[in-house]
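Contents: one structure, followed by commentary.
The values are calculated or read from the model by the stated rules, or taken from the named source; none is laboratory data. Quick caveat: nothing in here was measured; it's all calculated off a predicted structure. Cβ placement follows ideal geometry from the backbone for every residue including glycine, while neighbour counts extend to all protein chains displayed. Note: accessible area is taken over every heavy atom of the protein model, side chains too, but ligands, DNA and RNA are not part of it. Shrake-Rupley method; radii C 1.70, N 1.55, O 1.52, S 1.80 Å.
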Amino acid sequence: MSKQIATADQILHALGDATRRAIVTRLSAGPLSVSQLATPLAITVTAVAQHLQVLDQSELVTTEKVGRVRTCRIETSGFTTLEKWIGDCRSLWERRLDRLGDLLSESEEGQK
């Protein structure tokens, strides 16, 4: 089954939850098992697995099962997608603000 590329909306939705942000923050220090992620969060392993599913679909986290242990790690492609979206938005708004500045300068010059 081919994996679809996560959209910025999916990624922002995934990061909109405090528990999922905490999981991503913990994984930024290195790979952890699902049970290691669950312990400090004071939630069940099942709840962590549900959060990981959302993060996996958003391409922020990847998991691998070896034997009985499922290990989780950061996946960079979701962050790359989000970085591109932020860059596109920044570029758009910088152009708009530059045009607004030009219009205001013309308006000031016309009033003198």
Taking the criterion of being in a helix (DSSP H, G or I), loosely packed, with under 15 Cβ neighbours inside 10 Å and under 12 Å from the mean Cα position of the chain (by Cα), would at least one residue in region 52-61 satisfy it?
no
Condition first: assigned to a loop (DSSP other than H, G, I, E, B) and within 22 Å of residue 6 (Cα to Cα). Now tell me which residues in region 62-75 satisfy that.
75
Of all residues in region 21-44, how many are in a helix (DSSP H, G or I), touching a residue at least 40 places away in the same chain (Cβ under 8 Å) and not β-branched (Val, Ile, Thr)?
1
Top-ranked residue in region 65-93 [being open to solvent by 100 Å² or more (accessible area, probe 1.4 Å) and either touching an Asp or Glu at 6+ places or on another chain (Cβ under 6 Å) or of a type outside the set (Lys, Arg) (or both); ranked as farthest from residue 15 (Cα to Cα)]:
93
Note on residue 27: of the conditions (1) surrounded by fewer than 17 Cβ atoms within 10 Å (Cβ to Cβ); (2) modelled with pLDDT of 95 or more, unmet is (1)
Please state which of the following conditions residue 99 fails to meet, knowing it meets all the rest: (1) over 15 Å from residue 12 (Cα atoms); (2) open to solvent by less than 50 Å² (accessible area, probe 1.4 Å); (3) part of a helix (DSSP H, G or I).
(2)
Among the candidates 85, 93, which residue alone is part of a helix (DSSP H, G or I), over 20 Å from the mean Cα position of the chain (by Cα) and among the hydrophobic types (A, V, I, L, M, F, W, C)?
93
